[in-house]
Amino acid sequence: MSKEIVDIKLFPIGITILPKDMIPFHIFEERYKKMISDCIKNNTEFGIVFKLPNKNFVNIGCSVKIDKVYKKYDDGRYDIILRGMKRFRIVSSKKHEDIWHSEISYIDEKYDSFDKKYFSKIHDKYLKLLILLNKKNNFQSEMDKEVSFDFTKNILLPNQIKQDIIQLKDEEERLRYIDNFLTELLNDSEIKQNKKIDYNFS
């Protein structure tokens with residue numbers, strides 16, 4: 001059975017957003033002011049894709065919804081919070097009125113295919129890291145994890161790591177990646193001295 005093809009507007013930019021991320025955005029370009037205004041009015045999503053140095057963009061991105069409008073300026077600029085929703089793969093793209101429009105297919109994450117015991121093992125490592133970093137505020141909220149993106153949403157990861165994660169095939173591959181990443185952090189001497197990693201409790 002073929003996957004459903006959906007039309008979506010794109011915002012190519014030099015950052016990567018993952019599902020469940022909450023990211024502040026300042027909208028100032030004229031072409032995006034109208035796009036954001038339309039999304040707010042119609043309660044629609046758009047797509048974020050990582051823009052390469054040569055101005056092209058990658059073929060896997062994340063749909064986002066506007067979670068909150070902090071401020072709308074008189075000149076049409078916006079301060080907003082974006083919530084990462086679902087990964088997608090671009091099928092085709094074309095530019096219209098200076099905005100990229102793409103046909104996309106959403107990616108089946110296979111959330112039910114991973115080993116629950118393995119997930120618990122990764123969760124334990126994640127909690128150990130928070131304790132090591134003395135990040136105990138709102139610790140109780142970190143007990144409830146269901147999918148891989150729950151581990152990435154509060155850590156301010158380097159964009160290259162986020163780009164690695166968004167390109168991985170499915171939940172099983174992401175969990176292996178996160179497991180290895182957490183193991184490296186727990187063994188890092190600078191981490192043990194609270195010198196390296198940013199954590200942001202939502």
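No lab work stands behind these numbers, since they all come straight from the coordinates. Owing to the predicted nature of the structure, the values given are computational and were not obtained by experimental measurement. Ideal geometry is used to build each Cβ from the backbone, glycine not excepted, and the neighbour counts take in all protein chains shown.
Got at least one residue in the stretch 148-157 being without any contact (Cβ under 8 Å) to a residue 40 or more places away in the chain and among the aromatic types (Phe, Trp, Tyr)? Scanning the stretch 148-157 turns up at least one residue that is without any contact (Cβ under 8 Å) to a residue 40 or more places away in the chain and among the aromatic types (Phe, Trp, Tyr).
Annotation: Asp179 fulfils all but one of (1) surrounded by 15 or more Cβ atoms within 10 Å (Cβ to Cβ); (2) free of Cβ contacts under 8 Å to residues at least 40 places away in the same chain; the unmet one is (2). For beta carbons closer than 6 Å, sequence separation of 6+ or different chains, a first residue in the stretch 32-54 that is within 17 Å of Tyr78 (Cα to Cα) and a second that is assigned to a loop (DSSP other than H, G, I, E, B) and not charged (D, E, K, R), the qualifying pairs are Lys33/Gly76; Ile48/Ile17.
Restrict the check to the stretch 136-148 and report whether at least one residue is in contact with a strand residue (DSSP E or B) (Cβ under 8 Å, 6 or more places away or on another chain), closer than 15 Å to Lys20 by Cβ and of a type in the set (A, V, I, L, M). The answer is no, given that none of the residues of the stretch 136-148 is in contact with a strand residue (DSSP E or B) (Cβ under 8 Å, 6 or more places away or on another chain), closer than 15 Å to Lys20 by Cβ and of a type in the set (A, V, I, L, M). Looking only at residues of the stretch 1-26 that are farther than 15 Å from Met85 by Cβ and in contact with a Ser or Thr (Cβ under 9 Å, 6 or more places away or on another chain), we find that the one that is surrounded by the fewest Cβ atoms within 10 Å (Cβ to Cβ) is Ser2. Assess whether Ile80 counts as being of a type in the set (Val, Ile, Thr), surrounded by 19 or more Cβ atoms within 10 Å (Cβ to Cβ), touching a helix residue (DSSP H, G or I) at 6+ places or on another chain (Cβ under 8 Å) and in contact (Cβ under 8 Å) with a residue 24 or more places away in the chain. In short, yes. The residues in the stretch 89-108 that are under 17 Å from Glu173 (Cβ atoms), in contact with a strand residue (DSSP E or B) (Cβ under 7 Å, 6 or more places away or on another chain) and of a type outside the set (A, V, I, L, M) can be counted, and the count is 1.
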